[in-house]
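Novice: This is the structure, below, for whatever I ask next.
The values are calculated or read from the model by the stated rules, or taken from the named source; none is laboratory data. Keep in mind it's a predicted model, so treat the numbers as computed, not measured. For neighbour counting, all protein chains shown are included, and Cβ atoms are generated from backbone atoms with ideal geometry for every residue, glycine included. SASA here: full protein model, heavy atoms, side chains in, ligands and nucleic acids out. Shrake-Rupley method; radii C 1.70, N 1.55, O 1.52, S 1.80 Å.
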Amino acid sequence: MTTRSTGQSWSLDIALAQGGFDALHPDAKGTMEQFGHDHTDFDKVFALVKSGAMLPKAWATIAGQAEERAAHHEKEGFAQTAADLYLRAAVMWGRAQYSVFDAADPRKAAYRARTDHCVARLGELRDGRVRRVVLEFEGKHIYALLHLPAQQVRNAPAVILGPGMDMIKEDYIYAAERYYTSHGVVALSIEGPGQGETRANGLPVDLTNYERAISRYIDYLTELPEVDAERIGMFGISMSGYWGLRAAASDSRLAALATFEGVTGDFDTIFNRAQPTFKNNYMFMSDHSDEERFDRELAARMPLGDLVTRITQPVFVGIGEFDELTQLEQALATYERITAPKEMRVYENEFHPLGGVAAEIFRFGAEWVERALNGELREPGRDVRHYVRRDGTTADGTADPDWWLGAAPTSLDEA
């Protein structure tokens, strides 16, 4: 636990009690729906929550209800209704296990077992199109879910779905089916070092092993007859925007990258000014208990800097105007350093979850990656920028907010 987290836990409890999930992550319900959370389930969970300590119980309670209904429908022979409910239960059991930060706590393992059970039932009811993947990696294992189209495919494009720091591979089941496999694209939702089962089974994240894990997943995809090894891309949310940029800089086999709300700034913002839970979580992921040592050995070394100049493949960057984990000026500065074909959209008045435009960005990101994998969006010098306004209009040719009046802040030059 960090010093801030210990001293400020009461403030987070008050925020949850008075404002629910929105108090911590404004408009995030829209994003959670893209992760397979039914809005009625979501409302039931947070009706039970008045403090952070109540989160595991609330998620487990409503997850259990969904799983029970799934089992009922499966018994009655309504396979697809059951599969949909198993998906809802899986993502909620996943939230329950995430809410327990002690890797040795038996409850975390129990919630993980329920998650795995629901995914296994879902996979069978979807005719084996959702498959568990376990790969050896640097003496440990990394874990993923493979999502295949309903129709048989060969040499199809594939997309790695990268989760944020507080996500797990199961969070992409719904999006994989809706935006990828239904369009003939193979999807692989992953957990890298520090996440989900990978962390629970002893592999923390360090400065560079996440991009090596992405390369290991690329190895796996290239061996599948369903996949065209020349058309493997990535869609990354939040920290996977950061990890995806690192991977693109180090492995040219990643043919295209779309990132949303990527953490590309100074890391002092996310770790010392944002909600203390972010730093707590990353210290757990990286197996650090000493905050000063974490700051010195990892956090201070994380900014991307000129690493992004090594990227050669098409890159998309999407971010909310008031993302609380990365200042817009710093995101723009990182984007300026990229010399590969690139595109950027800034979404007016959106925060880190991009919840107000979640359905749009999930669809757009999938379509953008698919087009890039099919040979488009690759012309040298490509630099497309948009400022997406809340009123439905879009400024073309610039990603700068209107209220800047064309005058870039001095902090952009300093970033």
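Novice: How many residues, within region 120-179, are at positive phi and touching a helix residue (DSSP H, G or I) at 6+ places or on another chain (Cβ under 8 Å)?
Specialist: Within region 120-179, the first condition is being at positive phi, and the residues that meet it are 127-128, 138-139, 155.
Now narrow it down to the ones that are touching a helix residue (DSSP H, G or I) at 6+ places or on another chain (Cβ under 8 Å): 138.
Here the count works out to 1.
Novice: Also: Collect the residues in region 197-216 that are open to solvent by 20 Å² or more (accessible area, probe 1.4 Å) and under 17 Å from R132 (Cα atoms), keeping them in residue-number order.
Specialist: R199, A200, N201, R216
Novice: Of all residues in region 36-53, which are within 16 Å of S99 (Cβ to Cβ), open to solvent by 50 Å² or more (accessible area, probe 1.4 Å) and aliphatic (A, V, I, L, M)?
Specialist: L48, A53
Residue-wise test of (1) assigned to a strand (DSSP E or B); (2) surrounded by fewer than 20 Cβ atoms within 10 Å (Cβ to Cβ); (3) over 21 Å from the mean Cα position of the chain (by Cα).
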site: L55; (1), (2), (3): no, no, no
site: A70; (1), (2), (3): no, no, yes
site: A82; (1), (2), (3): no, no, yes
site: V91; (1), (2), (3): no, no, no
site: A113; (1), (2), (3): no, yes, yes
site: C118; (1), (2), (3): no, no, no
site: D127; (1), (2), (3): no, yes, yes
site: L135; (1), (2), (3): yes, yes, no
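Novice: Still on this structure, I have one more. Filter region 359-393 for residues that are over 25 Å from A255 (Cβ atoms) and in contact (Cβ under 8 Å) with a residue 12 or more places away in the chain; which is most open to solvent (accessible area, probe 1.4 Å)? Spell out how you get there, then give the answer.
Specialist: Initial filter on region 359-393 (over 25 Å from A255 (Cβ atoms)): 359, 387-393.
Then keep just the ones that are in contact (Cβ under 8 Å) with a residue 12 or more places away in the chain; that gives 359, 387-390.
Working: A359: 50, Y387: 2, V388: 17, R389: 66, R390: 130 Å².
Applying the filter and picking the extreme gives R390.
Novice: Determine which member of the set S252, S289 is polar (S, T, N, Q) and farther than 22 Å from G202 by Cβ. Write out each step before concluding.
Specialist: Working: S289 fails: farther than 22 Å from G202 by Cβ.
Only one candidate passes the filter, namely S252.
Novice: Turning to a different aspect of this structure: Of all the residues that make up region 373-407, how many are outside any loop (DSSP other than H, G, I, E, B) and either among the polar types (S, T, N, Q) or closer than 22 Å to A331 by Cα (or both)? Let's see the steps before the verdict.
Specialist: Initial filter on region 373-407 (outside any loop (DSSP other than H, G, I, E, B)): 373, 383-388, 394-396, 402-404.
Still in the running and either among the polar types (S, T, N, Q) or closer than 22 Å to A331 by Cα (or both): 383-388, 394-396, 402-404.
Going through region 373-407 one residue at a time, the tally reaches 12.
Novice: Only residues that are among the hydroxyl-bearing types (S, T, Y) and free of Cβ contacts under 8 Å to residues at least 60 places away in the same chain: list them for region 177-219, please. Explain how you work it out, then say what you get.
Specialist: We begin by selecting, within region 177-219, every residue among the hydroxyl-bearing types (S, T, Y); these are 179-182, 189, 198, 208, 210, 215, 217.
Result: T181, S182, S189, T198, T208, Y210, S215.
Novice: Among the numbered criteria (1) β-branched (V, I, T); (2) open to solvent by 10 Å² or more (accessible area, probe 1.4 Å); (3) under 22 Å from A104 (Cα atoms), which one does I168 miss?
Specialist: (2)
Novice: Sticking with this one: Determine if region 108-127 includes at least one residue that is modelled with pLDDT under 95 and not charged (D, E, K, R).
Specialist: Looking through region 108-127, at least one residue is modelled with pLDDT under 95 and not charged (D, E, K, R).
Novice: Within region 154-172, can one find any residue that is touching a Leu at 6+ places or on another chain (Cβ under 8 Å), charged (D, E, K, R), in contact (Cβ under 8 Å) with a residue 40 or more places away in the chain and over 16 Å from W243 (Cα atoms)?
Specialist: Here is the first cut: in region 154-172, the residues touching a Leu at 6+ places or on another chain (Cβ under 8 Å) are 157-161, 169-170, 172.
Those still in the list that are charged (D, E, K, R) too: 169-170.
The next check asks that each one be in contact (Cβ under 8 Å) with a residue 40 or more places away in the chain; those that pass are 170.
With the extra rule that they be over 16 Å from W243 (Cα atoms), the set shrinks to 170.
Among the residues of region 154-172, at least one is touching a Leu at 6+ places or on another chain (Cβ under 8 Å), charged (D, E, K, R), in contact (Cβ under 8 Å) with a residue 40 or more places away in the chain and over 16 Å from W243 (Cα atoms), which makes the answer yes.
Novice: Same structure again: Here is a list: T31, T115. Which entry is within 30 Å of F351 (Cα to Cα) and in contact with a Pro (Cβ under 6 Å, 6 or more places away or on another chain)? Quick ask: steps written out before the conclusion?
Specialist: Values: T115 fails: in contact with a Pro (Cβ under 6 Å, 6 or more places away or on another chain).
One residue alone meets the criteria, T31.
Novice: Of all the residues that make up region 93-107, how many are open to solvent by 20 Å² or more (accessible area, probe 1.4 Å) and touching a residue at least 60 places away in the same chain (Cβ under 8 Å)?
Specialist: Residues in region 93-107 being open to solvent by 20 Å² or more (accessible area, probe 1.4 Å) and touching a residue at least 60 places away in the same chain (Cβ under 8 Å): 3 in total.
Novice: Applying the selection to region 217-252, what residues are in a loop (DSSP other than H, G, I, E, B) and open to solvent by 20 Å² or more (accessible area, probe 1.4 Å)? Before the answer, list the steps.
Specialist: Restricting attention to region 217-252, the residues satisfying the condition of being in a loop (DSSP other than H, G, I, E, B) are 223-226, 238, 251-252.
Those that are in a loop (DSSP other than H, G, I, E, B) and open to solvent by 20 Å² or more (accessible area, probe 1.4 Å): E223, L224, P225, E226, S252.
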